[in-house]
Amino acid sequence: MKSFSAEEVGLAVLGWPIKHSISPYLHNEALDELRRSDSRFNGWSYERLEVPAEELPFLLPQLAQNGYRGINLTIPHKVEVLPHLSEIDPEAEIMGAVNTLQWFEGGWKGYNTDGYGLQRALETVFDIELQNCSVLILGAGGAARAAAARCLAKGCTQVCITNRSADRLAALISDLRAHFPESDLRGFPLDDLPKQVLNISNLIVINATSLGLQPEDPPPIDLSFLKLGSETRIYDMIYNPPQTALLKDAKAEEMNRSNGLSMLVFQALRSLEIWSGREVSAEAMFEGAKKGMREIAL
Ligand code: NAP
């Protein structure tokens, strides 16, 4: 951990493991862009810090003391950090997890920018407005929770969620119903997904499972068997590998599709906007993301 002067600001992503995170490339490219118009950002920098779960509670006050003012959190910290925050943003409260911390005098405030990142990604890559679409979310973990809460808050026509383990699915549906009692929200087991769900018009299928992270992983659903509607779009939150089995199948079916790099970019953009109070360039972040992907491919 570094130590920063009063004119400097430390930013970091904390996780375990963390060495493959490309977040520093995105943020440092966007900080370079901010510096071109505002010298206040000359002393800002973003780095990766490898932090095991048990060390996080002790490290958070120390980071603040050393001049860190913004933190991103990834596995395994997004939920475990909650008792150590002084405040939590209402959207993050519904999601039950945070990925962004901002230091205010006396404590860390938690936000979750994954839902924002997903929304901006879908609207950008598919040229749609989220509120006019229905979504089928595959998975019921942290990323699925953020995606579902955002889709419900934005008024998607229908939000369907499917997951391998029934308990986790039931808990998520029950939590979401408490916050969005009027919404059309449905849950289905992954191994018994009714075919009619896939024929909903203007449907976006979002993979929020970790199935696809390993190159040999099969797709979480069989697109050819399920006969999706022609307007269906496929968004895989996974960006490394850039082409999962699900995306390969979507390509074979000539479907509109995208990997999760755009979500990574837009969630990062929102974090930097929270910390800086400035509008952040998506172009610079995409440029940083491309550099990062090239670097980890080496
Ligand atoms: P998580 O909380 O651990 O949830 C994992 C989910 O994957 C659970 O729903 C789990 O189902 C499901 N799953 C795992 N193995 C499976 C298998 N073999 N078959 C079917 N389902 C399986 O993880 P997370 O934080 O939500 O992340 C989920 C994915 O989103 C990851 O790939 C992550 O890299 C990606 N992500 C991307 C971004 C981005 O910016 N692009 C941001 C956040 C996350 P069970 O409940 O049955 O175990």
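In the range 64-195, the DSSP beta bridges split such that about 40 percent are antiparallel, to the nearest 5. Between the alpha-carbon centres of the range 68-103 and the range 222-295 there is a gap of 23 Å.
Compared with the rule-of-thumb size 2.2 N^0.38 Å for a compact globular protein, the range 235-274 has a Cα radius of gyration ratio of 1.37. Placing one equal scatterer on every Cα of the chain and applying the Debye formula, the log10 ratio I(q)/I(0) at q = 0.11, 0.16 Å⁻¹ is -0.66, -1.32. Directionally averaged projected area (the range 81-227, Cα convex hull): 10.0 nm². Once label points are set 7 Å from the Cα along Cα→Cβ at both D184 and R168, what is their separation, rounded to one decimal in nm? Placing both labels 7 Å along Cα→Cβ, they lie 2.7 nm apart.
Placing E216, E29 in order of accessible area, with the largest value first and a 1.4 Å probe, yields E216, E29. The residues of the chain present an accessible area of 46 Å² per residue when probed at 1.4 Å with all protein chains retained.
Rounded to the nearest 5, what % of the DSSP beta bridges within the range 1-123 are antiparallel ones? Rounded to the nearest five, the antiparallel share is 35 percent. Taking a ≥ b ≥ c as the square roots of the eigenvalues of the Cα gyration tensor, the range 151-298 is oblate, since a/c reaches 1.5 or more and a/b is not larger than b/c.
Using R0 = 41 Å, the C-beta based FRET efficiency linking N202 and Q65 works out to 0.25. Per atom type, the chain shows carbon and sulfur on 48% of its accessible surface, probed at 1.4 Å.
For the peptides 35-48, 4-17, the ranking by packing is 4-17, 35-48, with the highest mean count of neighbouring Cβ atoms within 10 Å listed first. Can you pull the one-decimal nm distance between simple spin-label points at A282 and A252, each 7 Å off the Cα toward Cβ? That separation, rounded to one decimal, is 3.2 nm.
Which whole-number value in Å³ per residue fits the convex hull of the alpha carbons of the range 125-172?
Values: hull volume 3.5 nm³, N = 48.
Residue-normalised Cα hull volume stands at 72 Å³.
Each of the peptides 240-251, 202-213 was scored by the mean count of other Cβ atoms within 10 Å over its residues; in descending order, highest first, they stand as 202-213, 240-251. Of the residues I274, A252, I173, the one whose Cα sits farthest towards the positive end of the charge dipole of the range 126-276 is I274 (charges of +1 on Lys and Arg Cβ, -1 on Asp and Glu Cβ, taken about the Cα centre).
For the chain, the list of Cys residues with no other Cys C-beta under 4.7 Å reads C133, C160. Among beta bridges identified by DSSP and lying wholly in the chain, the antiparallel ones come to about 20 percent. Label-to-label distance, M1 versus R36, with points set 7 angstrom from Cα along the beta-carbon direction: 3.5 nm. Can you list the residues of the range 134-175 with backbone N under 14 Å from a point 7 Å past the Cα of E123, pointing along Cα to Cβ? Inside the label zone: 150-156. Any idea what % of Cα-Cα pairs in the range 1-109 are farther than 16 Å? Of all Cα-Cα pairs in the range 1-109, 59 percent lie more than 16 Å apart. For the peptides 285-293, 192-200, 265-273, residues were scored by their other Cβ atoms within 10 Å and the scores averaged per peptide; the highest-first order is 265-273, 285-293, 192-200.
Rounded to the nearest 10 degrees, the angle from helix 282-297 to the longest Cα principal axis of the chain is 80 degrees. Compared with the dominant Cα axis of the chain, that is its longest principal axis, helix 23-37 is turned about 60°.
Size descriptors for the range 1-42 (Cα atoms only): Rg and Dmax, in that order, 12.2, 35 Å. Here the mean projected area of the convex hull built on the C-alpha positions of the range 127-207 is 4.9 nm². Our Cα-only numbers for the range 79-130 put the radius of gyration and Dmax at 13.4, 42 Å.
The values are calculated or read from the model by the stated rules, or taken from the named source; none is laboratory data. Please read these numbers as outputs of a predicted model, since none were measured by experiment. All Cβ positions, glycine included, derive from the backbone under ideal geometry; neighbour counts span all protein chains shown. These area figures cover heavy atoms from the full protein model, side chains too; ligands, DNA and RNA do not enter into them. Shrake-Rupley method; radii C 1.70, N 1.55, O 1.52, S 1.80 Å.
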